[in-house]
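I have placed the structure first, in the form of structure tokens, so that the comments after it can refer back to it.
The values are calculated or read from the model by the stated rules, or taken from the named source; none is laboratory data. The structure displayed is predicted, hence computed values, not measured ones. Cβ sites come from the backbone with ideal geometry, for glycine too, and all protein chains shown count toward neighbours. We work out accessible area using only protein heavy atoms, side chains counted, and drop any ligands, DNA or RNA first. Shrake-Rupley method; radii C 1.70, N 1.55, O 1.52, S 1.80 Å.
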Amino acid sequence: MLAQKKLSQNLYKSVLFRDVDAEEVEQIIAVAHWLVVKQGDYVYQQDENDRRFYLVADGEVELTLNDESGGQIIVSHIGQGGHFGETALLTHSSNCLNARALTDLSLIRFDSDTFISVLLANNFIQQQLSITLANRLRVSFHDHANALAKVNNIHKSSNHNLDPTFFLGSQPSVAENKQSLAAGSETRLAESTIARQSRKAARLYSNNLKPVLLTGESGTGRRMVAYEVHRASTYKNGPYLELDIRTIDPAHLEVELFGFGGDFSAFSQIDQLGILERLKGGTVVLYNAEYLEPDFQRQLAGMIRKADFIKDAQHPRILLICKDRPRQQDGHNRLLPSLYTLVADQHFTVAPLREHRRDIPRLIQYYLKRYSLQYNKVINLVDDQTLGTFMNYDWPGNLTEMASVVQRAVILGKSNEPLNDQILLGIPKPEGKWEFNLLRLSGIRAFFSSRFYPVLPRAVVGIFFVLVLVALFFGPVTAEKNIGLTLSWVVGWPLLIFSFFFLARTWCSICALSVPGWLAQLVLKPQRPTPRLIKQYSGWILTCLCIFLFWVEIGWNAYDSPRLTAWIIFSITLGSFFFSMFFKRRVWCRYLCPLGAINALFSMPSILELRANTHMCLNRCTEHFCYTGGDSAAGCPMFRHPSLVDNNRDCILCGQCVKNCKLNSIHLNLRLAPQELWNQQSPRLEDSVLVVSLAAIFYPFAISQNYPGVVLSWTGIIHDTGLPYSTALTSSIFLFISILIYLVGYAIMSKIMARTTGNNWKATASIFGYGMIPLVLSAFMAVHLEIFISGLWLLAANLQDIVGLSGHYASRRLMSHDATTILKLITIIGGLIASLYATQRIIKRLLGDRQYSQKMFVLPALLLCLSAIAYLQFA
């Protein structure tokens with residue numbers, strides 16, 4: 001009794017008794033019944049006919065409203081002096097709310113008769129009850145309706161009905177999802193990387209209720225991961241709410257989350273309770289949390305530490321979702337250190353879609369199904385080319401962007417037809433910004449896929465070379481009268497140099513010099529692998545053979561010697577034949593052919609390239625016939641998987657991979673920027689040495705063609721000294737001195753640039769040579785342009801001799817000297833610009849994250865410009 005008398009003192013503070021005398025209040029309490037309710041028990045439940053009125057003497061009551069999903073929405077908390085239960089009595093209806101004890105309760109209870117005869121008999125109490133009843137009815141039928149809609153979204157969030165990133169639809173869980181997305185496929189979505197990430201995060205953070213930070217790019221599925229973390233926690237049956245911070249006015253955010261204090265009336269509006277209190281036993285996700293104002297972040301951090309933003313220990317769990325790099329000192333669009341430290345040990349990063357491209361096909365299938373239903377269409381497939389586009393694209397917008405692209409494609413697509421070009425709307429083409437895949441053109445694809453390519457062109461070229469060799473061996477000894485020599489040096493070699501730029505290494509695929517070896521392999525079918533020694537030192541072997549080849553040509557003037565030219569061609573053919581007899585595929589072409597080495601380097605700046613969609617190869621292909629060979633064609637003769645080809649040096653455009661690839665993963669790109677010059681995965685020192693050597697060889701070659709008298713005058717000078725002399729010796733000395741000067745100069749320049757960029761000498765020397773290739777190629781193109789234009793008339797005279805007419809050997813040009821000079825100027829300047837750009841990109845690559853300065857570019861740029869001026873003089 002003493003305890004009840006003490007507790008009854010709390011009732012004098014009630015709003016209900018504000019204007020009632022203390023003596024009358026004591027009489028009212030005396031006719032009531034005392035009731036004790038344990039924590040967690042219900043005083044009454046919704047739709048019961050309790051018909052009693054309650055006053056709270058001690059403790060706290062929670063009033064909740066049932067929702068359609070089976071959960072409960074918190075309406076209000078009633079503390080000491082508060083009252084509840086009058087609505088059912090005054091409206092003669094069942095209870096519209098649940099009343100549950102948040103703590104142990106001490107209540108005084110009035111039955112229906114006592115409520116009417118005692119409480120309503122007092123005018124002040126009746127007036128207060130009427131006011132609060134009106135408020136209660138407004139809250140119940142207006143604010144509660146809004147609250148129901150608002151808080152009902154908390155439970156509906158669990159169905160992932162959020163945005164395109166929640167591709168699981170209404171499935172029960174990522175971990176439990178059993179829906180197959182690919183038609184006829186046993187692959188299940190639960191096996192996806194996205195699902196594995198969700199399960200991993202859920203497993204990591206299921207044993208506690210500490211705040212969690214989820215970061216990643218937009219559209220990666222962070223919200224889905226957040227939901228799975230909730231599903232794995234002890235609060236899995238509680239409410240779940242996501243709040244996008246960007247959609248809430250910062251001025252209202254504090255009230256939205258923490259609420260504000262009210263009176264003890266049960267009729268106070270629901271918004272007096274903040275979200276963090278309404279969601280006790282649930283999870284609150286703050287989406288785009290990096291946009292929280294710094295002051296609010298500090299307040300939230302303090303609340304998390306003290307856990308005093310709720311009135312009992314069962315507080316909601318907080319999940320923060322941010323973009324990458326969530327920390328920054330000033331807190332603007334970032335998390336403050338004070339808040340970040342609270343979640344740093346529970347920080348999970350969701351991987352972007354480009355890091356798990358294996359999921360792309362199943363995601364496509366899901367979105368096709370989703371939007372086909374939405375737009376009443378039947379679209380289940382995308383063609384191989386389009387799938388390659390998806391696999392190759394980096395998806396900066398991740399799942400959200402993919403959903404948007406597929407949605408747009410379905411809108412434009414036709415039922416029962418695979419999606420094709422429509423899918424390209426909104427995403428870059430797979431071949432890149434400055435490239436176009438020529439295999440998109442049906443005629444070109446048919447040409448490369450034909451069984452006649454490259455066999456038929458090779459046969460035609462083979463017949464041509466046989467006739468040339470016959471003419472060289474058995475034709476006139478006089479240079480200008482031998483059609484074989486004309487076809488070799490005036491027509492063939494210049495066209496070959498031009499083809500390096502326009503057709504990359506296509507020449508190697510139709511080269512007639514390999515025909516005898518190819519025929520030998522058809523008969524002998526050798527299976528020996530390439531000797532390890534050849535593989536290991538092929539770069540240096542090729543460099544030496546190329547220098548040797550030019551030495552023979554220039555030193556003994558093969559350009560005026562039909563027989564020597566014939567033996568050079570025959571020797572290369574014999575080498576191909578010999579190695580083809582004993583080793584499989586094209587060992588000679590890949591590792592030993594000097595013409596192939598020159599073609600390989602000079603094809604790197606070409607406007608044409610063959611590449612594979614690497615992501616398609618790695619994630620979709622299981623057969624790899626492009627490399628191993630299949631029923632339609634043999635494997636790659638260059639021993640390179642197309643997905644590993646990152647430069648023209650390693651591909652001869654033979655078309656074998658185009659024939660073998662069933663996924664249309666191969667691209668034949670027309671390009672503008674040859675990125676391989678500065679993006680080489682494995683630059684080789686021997687390649688750079690060969691490029692520098694070719695840059696030096698240009699001078700003796702150009703002089704032998706355009707200024708033959710110079711060599712003779714130098715030979716005369718040697719003769720005057722009394723030393724042994726010959727034009728071969730003079731040319732040889734000039735050639736090797738030129739190479740030596742260029743190599744020494746290149747070594748010194750590489751040493752300086754190595755110090756400038758902070759790299760070792762070998763790494764620097766290995767890659768800088770690639771930047772010179774466009775200029776060196778342009779120089780050779782310019783000098784051969786002059787040879788072609790000034791010497792093509794010989795072909796007509798040679799043909800006249802063959803048919804029995806007397807050939808006219810009077811010199812004449814196809815183009816004026818001035819016009820030719822302009823073309824040569826344009827060619828060399830174009831090569832210089834390309835080399836300058838490539839060299840600058842190489843310097844930036846060597847610097848890595850270090851700061852680039854134009855001063856670093858001065859030395860190599862100066863040397864390139866001086867070389868270009870010299871080339872213009874001799875071309």
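State which residue pairs qualify: first residue aromatic (Phe, Trp, Tyr) and inside the stretch 388-404, second residue not in a helix (DSSP H, G or I) in any location, beta carbons under 6 Å apart, and separation of 6 or more residues or different chains. Hits for this filter: TYR393/ILE427. The listed residues are LEU533, LEU549, LEU601, and the only one of them that is open to solvent by 30 Å² or more (accessible area, probe 1.4 Å) and assigned to a helix (DSSP H, G or I) turns out to be LEU533. The single residue among LEU574, LEU644 that is within 28 Å of the chain's Cα centre (by Cα), surrounded by fewer than 24 Cβ atoms within 10 Å (Cβ to Cβ) and at negative phi turns out to be LEU644.
Of all residues in the stretch 352-391, those satisfying the criterion of being open to solvent by 40 Å² or more (accessible area, probe 1.4 Å) and not acidic (Asp, Glu) are ARG354, ARG358, LYS369, ARG370, LEU373, GLN374, TYR375, ASN376, LYS377, VAL378, ASN380, LEU381. When the stretch 212-238 is filtered for residues that are in a strand (DSSP E or B) and among the polar types (S, T, N, Q), only THR215 remains.
Among all positions in the stretch 586-598, there is no residue which is open to solvent by less than 30 Å² (accessible area, probe 1.4 Å), more than 20 Å from PHE548 (Cβ to Cβ) and assigned to a helix (DSSP H, G or I). The residues of the stretch 764-801 that are farther than 23 Å from ASN599 by Cβ, touching a Ser or Thr at 6+ places or on another chain (Cβ under 9 Å) and open to solvent by 10 Å² or more (accessible area, probe 1.4 Å), listed by number, are SER790, TRP793, LEU794, LEU795, GLN800. Screening the stretch 804-826 for residues that are open to solvent by less than 60 Å² (accessible area, probe 1.4 Å) and of a type in the set (Gly, Ala, Ser) and picking the one that is farthest from GLU786 (Cα to Cα) gives GLY807.
When restricted to residues that are aromatic (Phe, Trp, Tyr) and free of Cβ contacts under 8 Å to residues at least 60 places away in the same chain, the stretch 448-496 contains 3.
Among the residues making up the stretch 803-834, those that are farther than 26 Å from LEU863 by Cα and among the basic types (Lys, Arg) are ARG812, ARG813.
Picking from residues in the stretch 718-730 that are part of a helix (DSSP H, G or I) and modelled with pLDDT under 75, the one that is least open to solvent (accessible area, probe 1.4 Å) is ILE718. Quick check on ASN669: is it under 38 Å from the mean Cα position of the chain (by Cα) and either touching a residue at least 24 places away in the same chain (Cβ under 8 Å) or open to solvent by 30 Å² or more (accessible area, probe 1.4 Å) (or both)? In short, yes.
Yes or no, residue by residue, for (1) surrounded by 22 or more Cβ atoms within 10 Å (Cβ to Cβ); (2) in contact with a helix residue (DSSP H, G or I) (Cβ under 8 Å, 6 or more places away or on another chain); (3) outside any loop (DSSP other than H, G, I, E, B):
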| site | (1), (2), (3) |
| --- | --- |
| LEU35 | no, no, yes |
| GLU48 | no, no, no |
| ALA57 | yes, yes, yes |
| SER76 | yes, yes, yes |
| CYS96 | no, yes, no |
| ILE108 | yes, yes, yes |
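In the stretch 607-664, which residues are β-branched (Val, Ile, Thr), assigned to a loop (DSSP other than H, G, I, E, B) and either under 30 Å from ALA834 (Cα atoms) or at pLDDT 75 or above (or both)? Within the stretch 607-664, ILE607, VAL645, ILE652 meet the criteria. Applying the set (1) in contact (Cβ under 8 Å) with a residue 60 or more places away in the chain; (2) assigned to a helix (DSSP H, G or I); (3) polar (S, T, N, Q); (4) open to solvent by less than 10 Å² (accessible area, probe 1.4 Å) to SER750 leaves exactly one unmet item: (1).
Taken over the stretch 286-322, the criterion of being modelled with pLDDT under 80, in a loop (DSSP other than H, G, I, E, B) and closer than 20 Å to TYR240 by Cα is satisfied by ALA307, PHE309, ILE310, LYS311, ASP312, ALA313, GLN314, HIS315.
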